[in-house]
1. Percent of alpha carbon pairs in segment 177-250 separated by more than 14 Å?
2. Sort all Cα-Cα distances of segment 256-331 into consecutive 5 angstrom bins from zero, then give the percent of pairs in each bin up to the one containing the longest distance.
3. Roughly what would the spin-label model give for residue 177 and residue 268, points 7 Å off Cα along C-beta, in nm?
4. Test of the criteria: in segment 97-149, which trypsin sites (Lys or Arg not before Pro) are in a DSSP loop and have at most 13 other Cβ atoms within 10 angstrom of their Cβ?
5. Cross-chain or 8 or more residues apart, Cα under 20 Å: how many lysine pairs in the chain fit that? Count them up, please.
6. For the pair residue 221 and residue 49, how long in nm is the line joining their label points, each one 7 Å along Cα→Cβ?
7. Report the paramagnetic label zone for residue 70: residues of segment 76-110 whose backbone N is under 15 Å from a point 7 Å from Cα along the Cα-to-Cβ axis.
8. Antiparallel as a % of all DSSP beta bridges within the chain, to the nearest 5?
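Nothing in this text is a laboratory measurement; each read-out follows from the coordinates by a stated rule. Since this is a predicted model, take the numbers as computed values, not measurements. Note that we place each Cβ from the backbone using ideal geometry, even for glycine, and neighbour counts take in every protein chain shown.
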Amino acid sequence: MQRTPLTALWACLVLALLASGARAAEPAGSVVPIKAITVLEGEWSHPLLGRGIVVGLRGTGDKGKEAQREIAEISRKLGVSILQSDLVARKAAIVMLSTTVEPFTRAGERFSVKAAAIEAESLAGGVLLPAALYALGPDGKRTVYAYAQGEMSSTSGATGTVIGGATLEREVPTRILDGDTFQLNLRRPDGEVAQSIATIVNNTYELDERAGGPVARVLSTKVVEVTVPPGQRSRRFGFLGEILNLPVDVEPPPLVVINEATGQVTITGSVRVSSTVITTDQVSIRILPGGENLGDLIGALNDAKIKGRDLVAIIRQLERAGALHAPVLTE
């Protein structure tokens, strides 16, 4: 197999870099709003539970005597009369209800609720009678926040969903912005990104001496704490919305993914290659002091007609030499 001359390979690399207008250009990051990469402390979904009756089933409902007695009792409390003959014909079923309420959901808003039968074979064609949805407090006390009712849809055996069947009757309390600070938790811990968030916030909102320090400060690689400036405290939620929509430049994490079967190589982020010399059956490569960007190196290798499995072999050698500064995953 003919070896590609070293000078020819580096000529290809130089041409590729000149065409791009930079020696080893860093890949551009993605500009995203802060809310896309963080979760507001306390901004959790709130689970609600309930127990109800589904009626109108086609002989697939509960058949046990205890379940039928409970159905009759619940229906009486609702002011609904269910005939004994319907119970015997298995036209009703006890179901457990579950749903989640997103933060800042307002009273009157509607959302879907899932139902799961305890004994019934299928909920297809059934209708959920009005049922309370509650949350459990730390003391085990139940607080009703919503009611659900409606036709079952998206059924699969003994489970189903009442789409848009729940209505929030009272807002679920949240501790967000109870005080003058809030925390932004990064979805993926990264010290540089955390610092970037703090910087953009502090550049947007000037240092307020009455606040006793910068508006935003990095607590860890995962947490950025923001203090609401005195001048913004009359509009806390407006200030919060502005912070969450500030743009931040995020560099994807360096990663190399290799498909051994096809020889395809995928790179994310800025993957650096340290100074080294490697030799294969096809080519000799010398990475100069100061390192190189893997994307630019692969571009030069492609120009030298080195692709597929031959390219994968070179990347593997760089990895074994400890010159590749990124994890390598194999598909």
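1. When every Cα pair of segment 177-250 is considered, 57 percent fall beyond 14 Å.
2. 3, 16, 31, 29, 18, 3, 0
3. Each label point is offset 7 Å from its Cα along the Cβ direction, giving 3.2 nm.
4. Counting only loop positions with at most 13 other Cβ atoms within 10 Å, the trypsin sites (Lys or Arg not before Pro) in segment 97-149 are 106, 141.
5. 6
6. 3.7
7. The answer is 76, 92-98, whose backbone nitrogens lie closer than 15 Å to the label point.
8. Beta bridges within the chain, antiparallel portion: roughly 95 percent.
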